[in-house]
Amino acid sequence: MKPTLLALIFTLLAFAGLHAQKQLPAWQPSPGHTQIAIWPSAPPDARPLGAPETTELTGPHDLVAGKPWLAISNVSRPTLTVYSPTGHNTGAAVVVFPGGGYSILAIDLEGTEVCDWLTAKGITCVLLKYRVPDSGPAYHDDCHCNIHPVAPTALQDAQRTVGLVRLHATEWHIDPHKIGVLGFSAGGHMVANISTHFAHRAYPPVDSADQLSCRPDFAVAIYPGHMTEHTTREFQLNPLVPVTSNTPPTFLAQAEDDNVDGVNQSLVYYIALKKAKVPVEMHLYAQGGHAFGLRHTKFPVSDWPQLVETWLHTIGMTPQ
């Protein structure tokens, strides 16, 4: 994640008045959906944040497709929310990781709006509100560098959630062999992280959910970040993302004019997947920038959700 986006995020959080942000009550899902704590007691490697969880509506300087978006800060109690299909149920499910530089969560732009799209297509959406800040590699102004947490708590939350979805598959009308992940920016990094770290839990097992596989059956990473860290050459994949032939089929999409997480982030991951003979599909667009979510703009990048729908058909996750 490059400094420009993180500088924006910290400005949004620290200078809400200047950016005309609106403080809101703690985020809750829409009526008919219930948040569920993913850990039965205190999460592993829990740490005090020194501030309560907050939700803010971004101001007029930070619009996406002409609309503001919601930013959640200081998440210490991660939750999942299940959004069931509105009509025909394909049996497929997608766990969604909103982005936000491991500092905040863009909970509607890269969360609930994704669930609205998926459920309309017969796919169960499980929205993960994972721990932030500093639950993954996060940019810090004081050192002008990415700080890596002692414990990968975002990965812990992701692994736990996929296990829980498999545990409750029958109850939630999900095929346990058609559970995927989808994320944006830092959430895209989470997609790659869980796609390459599923053989062992990043935490001591808690219950029967942790005895089930947390390997996604498919993965969608949109403008992923942190894919070129810890490298010695310009065009090299982060060695902490160890792609193997067991990495799930993957879909990648990014704009070439993304000045936050440059296009090389997707390119190096694509090449590693290809070398490992993992089925992978990538779409690059000339324009679109960063953090466009699903909101429709004048650029062709807005059509990426339709391409994902087709791809899910081709890999057998949804019916033709």
(request) Would you grab the residues whose amide H sits under 5 Å from the one on VAL95? Only those 5+ places off in sequence or on another chain, please, with H modelled 1.01 Å from N. (result) VAL126, GLY180, VAL181, LEU182
(message) Let me cross-check TYR285: its accessible surface, 1.4 Å probe, with only protein heavy atoms counted, in Å² to the nearest 10?
(response) 30 Å²
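Could you rank the peptides 261-273, 183-195 by their average count of other C-beta atoms within 10 Å per residue, with the highest value first? Walk me through the intermediate numbers first.
Numbers: 261-273: 21.8, 183-195: 30.1.
The most tightly packed comes first, giving 183-195, 261-273.
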(request) Using a 1.4 Å probe and counting only protein heavy atoms, arrange SER30, SER135 so the residue with the most accessible area comes first. (result) SER30, SER135
(request) For the stretch 15-108, give the magnitude of the charge dipole about the Cα centre (Cβ charges: +1 Lys/Arg, -1 Asp/Glu; no others), in debye to the nearest 20. (result) 60 debye
(message) Once ligands and nucleic acids are excluded and a 1.4 Å probe is used, how much of MET282 is accessible, expressed in Å² to the nearest 10?
(response) 50 Å²
(request) Quick one: work out the % antiparallel among DSSP beta bridges in the chain, nearest 5. (result) 50 percent
(request) Of the options THR232, LEU109, SER84, report the single residue whose Cα projects farthest towards the positive end of the charge dipole of the chain (beta-carbon charges: Lys, Arg +1; Asp, Glu -1). (result) SER84
(request) May I ask which residue of GLY32, VAL301, LEU49 lies farthest towards the positive end of the charge dipole of the chain, with charges of +1 (Lys, Arg) and -1 (Asp, Glu) on Cβ and the Cα centre as origin? (result) GLY32
(request) Decide, for the stretch 43-172, between rounded, prolate and oblate: order the square roots of the alpha carbon gyration tensor eigenvalues as a ≥ b ≥ c, take rounded if a/c falls under 1.5, and otherwise choose prolate if a/b is larger than b/c, else oblate. (result) oblate
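Which value, in debye to the nearest 20, describes the size of the charge dipole of the chain about its Cα centre when Lys and Arg Cβ atoms bear +1, Asp and Glu Cβ atoms bear -1, and nothing else is charged?
On the way: 19 positive and 26 negative charges, 89 e Å.
With Lys and Arg at +1 and Asp and Glu at -1, about 420 debye.
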(request) Determine the dipole magnitude for the stretch 203-320: charges of +1 sit on the beta-carbon of Lys and Arg, -1 on that of Asp and Glu, nothing else is charged, the reference point is the Cα centre, and the result goes in debye to the nearest 20. (result) 280 debye
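The values are calculated or read from the model by the stated rules, or taken from the named source; none is laboratory data. Everything quoted here is computed from the prediction, not taken from an experiment. Note that each Cβ is placed from the backbone with ideal geometry, even for glycine, and that neighbours are counted across all protein chains shown. Side chains are part of the model used for accessible areas, which takes the heavy atoms of the whole protein and leaves out ligands, DNA and RNA. Shrake-Rupley method; radii C 1.70, N 1.55, O 1.52, S 1.80 Å.
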